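One structure below.
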Amino acid sequence: MQEFTKLEKEIGYEFKNKALLKIALTHTSYAYENKKQSNEKLEFLGDSILEFVSSEYIYHKYPNLKEGEMTKVRASVVCEKSLHEVAKMHNFSDFLYLGKSERISQKEVRAAIMADSVEAVIAAIFLDGGLEPAKEFIIKNLAAPIENSTKHIGQKDYKTVLQEILQRNGNVDIEYDIIDEKGPDHEKIFTSEVKLNHKVLAIGEGKSKKQAEMDAAKNAIEKFKLA
């Protein structure tokens, strides 16, 4: 387990039970090929701990936020994108146990796998040392993104901004259409176009239909310098 020493220094926690950390870093593809225990159950537990700790932190740190605003802030950091950044920051990809299919087919470790491993490590820290060290890891890594999110809370999204700009001179017909989707079910990429009076303004992409529409609206604003 000596290979974990560097990772333990990165995350600021030394495991008493190193086997827990190994399980947290074991993806289902590796577990299936080698008949080992995967990190799926730890992910489940880590997700709940992450949501609780971040909720408590936001509640006490930002007492002026309303319930709906707190929910938005939490959602912005308890998500794949945010956790992927945490995993990259601590070089989790160097320590993950991945099956041959993942190693061969992916030049880089998929964001979803990296994000899930963060949740699993949170659960492993909790089981090994209790809530306090798990809480410390979460706040240390998410305090800055949470702070950033609170500064942008209440800002209008791109679709709203585009609609307000286009309707300055009266009502217009704005529509969004999903024109393409590609990739496997767990990693689909959607393509959307936004139209003004049936004329295409811009095209956008995203991991969900909503994200694709937002990206299309953003590109329309930037393309025509409407903002």
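Every number in this text was worked out from the coordinates using simple rules, so none of it is lab data. In this text the structure is predicted, and so the values were computed from the model without any measurement. When we count neighbours, we look across all protein chains shown, and the Cβ atoms used for this are built from the backbone with ideal geometry, even at glycine.
For this structure, a couple of remarks:
- Between 0 and 90°, nearest 10: helix 80-89 axis offset from the chain longest Cα axis: 50 degrees
- Ranked by the mean number of other Cβ atoms within 10 Å of their residues, highest first, the peptides 78-89, 211-222 come out as 211-222, 78-89.
- Entries of LYS81/LYS151; LYS16/LYS72; LYS9/LYS81; LYS66/LYS209; LYS41/LYS88 with Cα pairs more than 25 Å apart: LYS16/LYS72; LYS66/LYS209
- Contact order relative to length of the chain, as percent, for alpha carbon pairs under 8 angstrom and 6 or more apart: 18 percent
- Sorting the segments 178-186, 57-65, 114-122 by their mean number of nearby beta carbons within 10 angstrom, highest to lowest, gives 114-122, 57-65, 178-186.
- Alpha-carbon centroids, region 28-54 and region 68-118: separation in whole Å: 12 Å
- Relative contact order of region 97-213, taken over Cα pairs closer than 8 Å and 6 or more residues apart, is 13 percent.
- Gaussian network model of the chain, Cα within-10 Å springs - most flexible of PHE92, PHE15, PHE190: PHE190
- Helical content alone sets the calculated 222 nm signal of the chain at -18500 deg cm²/dmol, taking -39,500 (n - 2.57) per DSSP H segment of four or more residues and averaging over every residue.
- Charge dipole (region 2-152, unit charges on Cβ, about Cα centre) - positive-most of VAL78, ASN91, ASN17: ASN91
- Pair ASP177, ALA144: separation of 7 Å Cα→Cβ label points (nm): 4.3 nm
- Subtracting the Cα-Cα distance of ALA19 and ILE153 from 0.36 nm times their residue separation leaves 44.2 nm of extension gain.
- Using only side-chain charges placed at the Cβ, +1 for Lys and Arg and -1 for Asp and Glu, the dipole size of the chain relative to its Cα centre rounds to 320 debye.
- Ordering ALA220, THR28, PRO184 by Cα displacement along the dipole of the chain toward the positive end leaves ALA220 in first place; charges were set at the Cβ atoms of Lys, Arg (+1) and Asp, Glu (-1).
- Stretch gain in nm, segment LEU196-THR160, where the contour uses 0.36 nm per residue and the Cα spacing is subtracted: 11.6 nm
- Residues LYS223, LYS209 arranged by fewest to most Cβ contacts within 10 Å: LYS223, LYS209
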